[in-house]
Amino acid sequence: MRKNCIRKVSVFVVALLLSKVSAFAKEVILGGKAGWPAFAESKNVTMGKGRYGYECVQIASNSFKNDEFTDLLIDFEDPDNPISDGEYSIRVNNLKISNQTKMEKFAGLSRNIGGLSVFGKPGTFFGSEGLMGSFSIEFWLCPSIAENGEIIMRWESSKTNVNRLTYQMITAVFNKGHLEWTLTNLFEGINDPLTEKEIILKGSKAIIPDKWSYHVLSYDCETGCLEYLVNGLTEDLCFVTSNGQENGEVSLVVLGTPSEVAFCSEYTGKIDDIRIMRRPYEVPENQTAEQAGKIGHTQYIQEGGRFVSKPIMVSTGSRLDVVKAEMSVPDQTAVCLYVRSGENFYGWNAEYPKWIPVENNQELKGITGLYFQVAAALYPDGNGDVSPKITEINLEFTELSEPLPPFVVRAEAGNGSVTVSWNYSVDDSAGGYYLYYGNRPGEYLGRAALEGESPINVGNTTSYTVSGLENGKIYYFAVAAWSAFDDRITGKLSKEVFARPLSRLNK
């Protein structure tokens, strides 16, 4: 009697313990030590250095982007090769790398020891000879002293007009705290090809040492407008036309022998994102003219950035409990987190399933599925000088466990039938049972039973008779429990039993 009592108590304790583990806490981590996976989509974000030295997601800078009009881009992001786009080769490079930059990670540092010079291959703007179209020369500048005579850019060449050799030059030089552009014999009028002309464009505002500013020399071959802009605002302009007016006949850009383009040959300070475009200057996409006028004070894209993870597969019926983001959100910046879920991701689009805004480290309810997806929107401060950073996103969720199968299963043969019986599972998360049958051990592919194909959902019962079976043939059976929380979650199979229906049996 005592042994029987002990056995009953033991079974009760086991059942109680199993009932407490019907759901398991799990997590999926994006970023952090393992790094960030590829995103399903992203806009205006890039990778930087976050907490603990791990990679983080932050808003992309306002640095120049390559497009079909880019002739040359020198952004200094690769210390071994500062040219990131364009068919130009480096002839001399005495610039050092500085991490004191407003644009991405690195800038060029000039110490007045020769600077950087490049040579364009045939087909590039400064690697070609003859008639050329519109152009713009752009760069960021942060001088240490802005001393008179410091040379930021210099290009020299010569061309022959009617057996006459003509000297050509483009220079950008500091003069009394202003940057001054000089273009010599770069243009030819249709009626005066031999006329030598020098054009000077002067900055109206003094360049402040140790402060970044954005400089553009732009020429539009359709209007003849030659313009110098600082921080997106026009400092000086003229019309290179027959009458010097907007309605005059436009002069043409005609280049002579290809030669080197030198930057910072006599200059002390920093320079970044040198770009030559084969089009006139345009207000950057997604910016108003007023915003473009403030570009020199804006490090990060002011509309912010966004990324969306790929759908993350967990397990059927999982419940998302909390989203924990390891992030830095400086004053005036913001990060908005979103999640959505579903049993499959086919047919998902930007609007469906609906994105649910969530707070960092806040308990969630009602977000369940086989797949989770997370998105984040990042916003800079009002001046565009500071970006928030996300080092890691941790999705903590509850995974429903697979209910345990019955421990005891029996099969009793009858006439054209088999009755299978079992004990209830000790796992109280079991809501019912599937009965599997077939003609070979471990293969439950039966189709002959009047009750249906294998497996048969027999509900929450402990005995079931399968009829319509062939007498004399052996059949194999197993039972699995399905979850009371979600009947799509099925546990492991029980031990296998078998029986052979016979005509002489009454059942």
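The values are calculated or read from the model by the stated rules, or taken from the named source; none is laboratory data. Not measured: the values here are computed from a predicted model. Note that we place each Cβ from the backbone using ideal geometry, even for glycine, and neighbour counts take in every protein chain shown. For the accessible areas, the whole protein counts, side chains as well, though only heavy atoms, and no ligand, DNA or RNA atoms are used. Shrake-Rupley method; radii C 1.70, N 1.55, O 1.52, S 1.80 Å.
The set of residues in segment 49-82 being buried (at least 18 other Cβ atoms within 10 Å of the Cβ), farther than 17 Å from Asn394 by Cα and small (Gly, Ala, Ser) consists of Ala60, Ser61, Ser63.
Hey, any hits in segment 315-324 for a residue that's without any contact (Cβ under 8 Å) to a residue 60 or more places away in the chain, closer than 20 Å to Pro37 by Cα and β-branched (Val, Ile, Thr)? Taking every residue of segment 315-324 in turn, none turns out to be without any contact (Cβ under 8 Å) to a residue 60 or more places away in the chain, closer than 20 Å to Pro37 by Cα and β-branched (Val, Ile, Thr). Being within 24 Å of Ala376 (Cα to Cα), at pLDDT 85 or above and surrounded by fewer than 22 Cβ atoms within 10 Å (Cβ to Cβ) is not true of Arg111.
The strands (runs of 3 or more DSSP E) found wholly in segment 213-265 and carrying at least 2 residues that are under 36 Å from the mean Cα position of the chain (by Cα) and within 19 Å of Tyr281 (Cβ to Cβ) occupy 213-220, 225-230, 233-239.
If I go through segment 449-485 residue by residue, how many of them are assigned to a loop (DSSP other than H, G, I, E, B), over 20 Å from Asn439 (Cα atoms) and touching a Leu at 6+ places or on another chain (Cβ under 6 Å)? Residues meeting the conditions: 1. Would it be correct to say that Glu399 is in a strand (DSSP E or B), touching a Leu at 6+ places or on another chain (Cβ under 9 Å) and buried (at least 16 other Cβ atoms within 10 Å of the Cβ)? Against the criterion (in a strand (DSSP E or B), touching a Leu at 6+ places or on another chain (Cβ under 9 Å) and buried (at least 16 other Cβ atoms within 10 Å of the Cβ)), Glu399 does not qualify. Among what's in segment 431-448 and is assigned to a loop (DSSP other than H, G, I, E, B) and under 18 Å from Lys492 (Cα atoms), pick the residue that is least open to solvent (accessible area, probe 1.4 Å). Going through the qualifying residues, I end up with Tyr444. Scanning segment 35-67 for residues that are more than 14 Å from the chain's Cα centre (by Cα) and at pLDDT 85 or above yields Lys49, Gly50, Arg51, Tyr52, Gly53, Tyr54.
If you check Val374, Val329, Val339, Val358, which single one turns out to be touching a Leu at 6+ places or on another chain (Cβ under 6 Å) and either open to solvent by 40 Å² or more (accessible area, probe 1.4 Å) or at pLDDT 95 or above (or both)? Going through Val374, Val329, Val339, Val358 in turn, the sole match is Val358.
Here's the yes/no breakdown for (1) assigned to a loop (DSSP other than H, G, I, E, B); (2) within 25 Å of Gly32 (Cβ to Cβ); (3) not acidic (Asp, Glu):
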position: Ser341; (1), (2), (3): no, yes, yes
position: Asn344; (1), (2), (3): yes, no, yes
position: Ala350; (1), (2), (3): yes, no, yes
position: Lys354; (1), (2), (3): yes, no, yes
position: Asn361; (1), (2), (3): yes, yes, yes
position: Leu370; (1), (2), (3): no, yes, yes
position: Asp381; (1), (2), (3): yes, no, no
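Of all the criteria given as (1) touching a Leu at 6+ places or on another chain (Cβ under 7 Å); (2) at pLDDT 90 or above, the one not satisfied by Val426 is (2).
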